[in-house]
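The values are calculated or read from the model by the stated rules, or taken from the named source; none is laboratory data. Fair warning: this is a prediction, and the values are worked out from it, not measured in the lab. Quick reminder, even Gly has a Cβ in these numbers, built from the backbone with ideal geometry, and neighbours come from all protein chains shown. Note: areas computed on protein heavy atoms with side chains; ligands, DNA, RNA excluded. Shrake-Rupley method; radii C 1.70, N 1.55, O 1.52, S 1.80 Å.
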Amino acid sequence: MPIAFLKKKNSKKFMIIVLTIILFLVVSFLAIYQTQVYQGKIWSYLGTSDDRFHMMRIEGLYHSLQRHQFFPIINMSFMNGFGYIVNIFYSDFLLYPAAFLRLIGFTSAQTLMGYYLLINFLTLGVSFLCFYKVSRRYMNSLVFSFIYTLSAYRLHDMLFRRDIGEVGALIFLPIAVLGIYEIFYGNRKHWLYLTFGMTAIIYSHAIAPILVAILIVMVALFQIKELKVHPKRLLSLLWAAISSGFLSIAYFLPMIEQLHHTKFVLTETQSMLPKGASDLSDIVSWSLNNTIGQPNIGLILILAAIIVLVTFTKVKNTAVRHFSIIAVILLICSSKVFPWVLFNKTPLKMMQYPWRFDMIITILLAIFVASDPLNIFSGKVSKFILIGFALLLTISAEYRLVNESSLQLVTQAAYNEPYPFNIGAGQEYLPQGTNLSTLERTSHKAKISSGKAKISNFKQYGTRLSFDFKNARNAKVDLPIIGYYGFQSTQSTGKVSKLHVDKKNNNLAQVTINGKGKVTVDYFETMTQKVSRRISFLALLIIVAALFIKKLNLVDFEKIEGLRNNKD
C-alpha cells in the first residue's frame, strides 16, 4: 500500500511538471504570435531599432562557425568584411543557439522566431524555479513567472527595441536576485546563486550588471542593522563578487586591452541620462495604458507600486517589504524628478537611459505581487485569474503595437535581407575618426595609398587577407579591414612591415611593402585574451569541482579551518 501511494504521488508530480512545461511552451508561442508569426510577417522597426544590429551579430557568429572559428573576436559579417570588434564588448554567449539554428538551415526570420520562443521558455522556467526555491508554493511561483516574463518592459525590450542582449540578461536576473536574497535575508552560504546569475548577466549585456550592483548597494543599506549583527553576510557577498570576477575575467580584460590600444567612439559618447529621462506622469500613463511602444512597467506592476506606497508598513516579510520599497524608489528615480544632470560625468552615465531601471523595478514588483503579502489573491482561482489577465494584457499590447504601426510589418523574405552596415545607432565600437558612410562607399580590395607596387591575387576568408606583390618601392597598402589591435602581418613573405593603422583613411589596416613577396594578414588572439579565457575556465572548473565534491560528501568542508559552520 505505501509503495502504491508513492507511485501515485510521483506520477502526480511528473504530470504537473509535464503540464507546466507544455503551458510554458504555449505561452512562449502566444507571446510572439502577433509580432513574429501572424500572416507570415514580422513586425520590426528595421531602421531605428536594435533588430538589424543583433541579427548581424547572429549572422557573423554563424559565418564564423562555418569557418570553424568557435570563439570569434571580430565579427567579419559587419560592413561587408571590414569587420567590427563588437564581440569584445558584447559577448556572443547567448547567440550560439540562434547561430546553431542558422547552421541547420533556418532563415534569419525563422531563427528569430525559434530563438524568441526559446528565450521566453527559459525566462518562464528560470523565474518559476527561482521563486519556488524560496516560497515552495507552486501557484505563487507560476504567478511570478507570468508577471515577470510577460511584463511590459520585457516585451518592450524584446518586441519593440529588439535588444537581444538585455532580453537575455532578463533570463538570469531572477538567479542573481535569488542570490541577493540568500546573502542578505536567507542562507548566506548560498552565495553561488549571485555568482552564476551575475556572471551570466555580464556575458549577456554590458549595462545590466551596473543595475544589479545598484540593487545590491540599496539592499545592503536597507539591511545595515542585520549586517552589523551578522557581518559574515558581507563575507558571502565578497566571495560572490570574487568568484564572479574570476569567471568574468575573460570578458573584462580583453575589453580593457582594446580600450588601452584604441580610442573608440564609445569613449567620446556624451551622456544621455538627462535627455533620456521621462516625466513621471508619462511613465504612469504609459504603464496604465499597458503600451509596449514606450519603456514602462505595465498596468499590473504600476498598480502594485501604488499599493506599495499605501500599504508597505503592513508587509511583514522583511525581504518583500524592502524589495517593494526599493522598486518604488527606483521608479521615481527613473523619471525627471531625479536630478540626472548631476550624474552626467560619473560612471553612472554608462547605463545610458534612466528607464533601464525598469528591469530591476519589474522583478522586484513581480516578487511583491507573487508573494501576495496582503492576501489579495489568496485562493487558486484568483491566482489563475491574475495569470490569465497578464496573458490577455500581453496579447492586447502586441495587437495595438502591430495595428498602430502596421507599416512596420515586413515579409519574411524582406526580413531575411542582411544590413551589414547597421552597426548600432551609436557606432560605439568603431575607432574614433572612422566615417561609416565613406567606408560604405569604399571598394573592398587592397589599395596603394603611396609608393609604387604591383599587387595581384587579393583574397579574403574571414579575418584572413592575402595578396601577392612585386616591384614594390616603399608602397603603403591599405587593406579593406579596420585595423583593430590583434591583426598582424607576421605570416607574410618578403619585405613586409608590421601592420599599422591608417588614421587618415578610416582607420584601415596598412602595411608597407618592398620588392617581391606575399602579404598575409590575420587576426591572432592576444596573450591577454588567451590567459583571461583560461583563468575564467579554470575558475569555473574549480567551482564545479567543489560543488561536485560537496554533493558527494567526499570532503567535510565544515571541518576545514575557516569554513566551519559557525553561527553568524
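Does residue 392 qualify as being in a helix (DSSP H, G or I), open to solvent by 70 Å² or more (accessible area, probe 1.4 Å) and farther than 24 Å from residue 27 by Cα? For residue 392, the condition - in a helix (DSSP H, G or I), open to solvent by 70 Å² or more (accessible area, probe 1.4 Å) and farther than 24 Å from residue 27 by Cα - is not met. Close Cβ contacts (under 8 Å, 6 or more residues apart or on different chains) running from residues in the stretch 62-81 that are within 20 Å of residue 107 (Cβ to Cβ) to residues that are part of a helix (DSSP H, G or I) and among the basic types (Lys, Arg) comprise 62/102; 75/57.
If only one of 45, 62 is open to solvent by 10 Å² or more (accessible area, probe 1.4 Å) and outside any helix (DSSP H, G or I), which one is it? The match here is 45. In the stretch 311-335, the residue that is most open to solvent (accessible area, probe 1.4 Å) out of those that are without any contact (Cβ under 8 Å) to a residue 60 or more places away in the chain and of a type in the set (D, E, K, R) is 316. Has the stretch 377-389 got any residue that is among the β-branched types (Val, Ile, Thr) and without any contact (Cβ under 8 Å) to a residue 12 or more places away in the chain? Taking every residue of the stretch 377-389 in turn, at least one turns out to be among the β-branched types (Val, Ile, Thr) and without any contact (Cβ under 8 Å) to a residue 12 or more places away in the chain. In a residue-by-residue description of the stretch 100-107, the property of being small (Gly, Ala, Ser) and in contact (Cβ under 8 Å) with a residue 60 or more places away in the chain applies to no position. Among the residues of the stretch 419-435, is any among the β-branched types (Val, Ile, Thr) and part of a loop (DSSP other than H, G, I, E, B)? Yes - at least one qualifying residue is present in the stretch 419-435.
Open to solvent by 20 Å² or more (accessible area, probe 1.4 Å) and touching a Gly at 6+ places or on another chain (Cβ under 7 Å): does that describe residue 191? Spelling it out, residue 191 is indeed open to solvent by 20 Å² or more (accessible area, probe 1.4 Å) and touching a Gly at 6+ places or on another chain (Cβ under 7 Å). Within the stretch 472-497, residues that are open to solvent by 30 Å² or more (accessible area, probe 1.4 Å) sit with their Cβ atoms under 7 Å from residues that are outside any strand (DSSP E or B) and of a type in the set (Gly, Ala, Ser), at 6+ positions apart or across chains, in these pairs: 496/489. Restricted to helices (runs of 4 or more DSSP H) entirely inside the stretch 218-306, those with at least 1 residues that are of a type outside the set (Lys, Arg) and over 25 Å from the mean Cα position of the chain (by Cα) are 224-229, 232-247, 249-261, 280-288. Contact map, the stretch 156-175: residues that are closer than 20 Å to residue 395 by Cα and open to solvent by 10 Å² or more (accessible area, probe 1.4 Å) paired with residues that are at pLDDT below 90 and of a type in the set (Lys, Arg), Cβ distance under 6 Å, separation 6+ or inter-chain. No pairs are found. Residue 383 passes every criterion in (1) surrounded by 20 or more Cβ atoms within 10 Å (Cβ to Cβ); (2) over 29 Å from the mean Cα position of the chain (by Cα); (3) assigned to a loop (DSSP other than H, G, I, E, B) apart from (3).
Within the stretch 65-102, being part of a loop (DSSP other than H, G, I, E, B) and among the charged types (D, E, K, R) holds for 67, 92. So, in the stretch 345-378, exactly how many residues are assigned to a helix (DSSP H, G or I), open to solvent by 20 Å² or more (accessible area, probe 1.4 Å) and closer than 16 Å to residue 207 by Cα? The number of residues fulfilling the criteria is 5.
You will find that of 272, 255, the residue that is open to solvent by 50 Å² or more (accessible area, probe 1.4 Å), touching a helix residue (DSSP H, G or I) at 6+ places or on another chain (Cβ under 9 Å) and either within 20 Å of residue 163 (Cβ to Cβ) or free of Cβ contacts under 8 Å to residues at least 40 places away in the same chain (or both) is 272 and no other. Candidates are the residues of the stretch 415-463 that are of a type in the set (Gly, Ala, Ser) and without any contact (Cβ under 8 Å) to a residue 24 or more places away in the chain; the one that is surrounded by the fewest Cβ atoms within 10 Å (Cβ to Cβ) is 437. Among the residues of the stretch 148-155, are any over 30 Å from residue 73 (Cα atoms), part of a loop (DSSP other than H, G, I, E, B) and of a type outside the set (A, V, I, L, M, F, W, C)? Scanning the stretch 148-155 turns up at least one residue that is over 30 Å from residue 73 (Cα atoms), part of a loop (DSSP other than H, G, I, E, B) and of a type outside the set (A, V, I, L, M, F, W, C).
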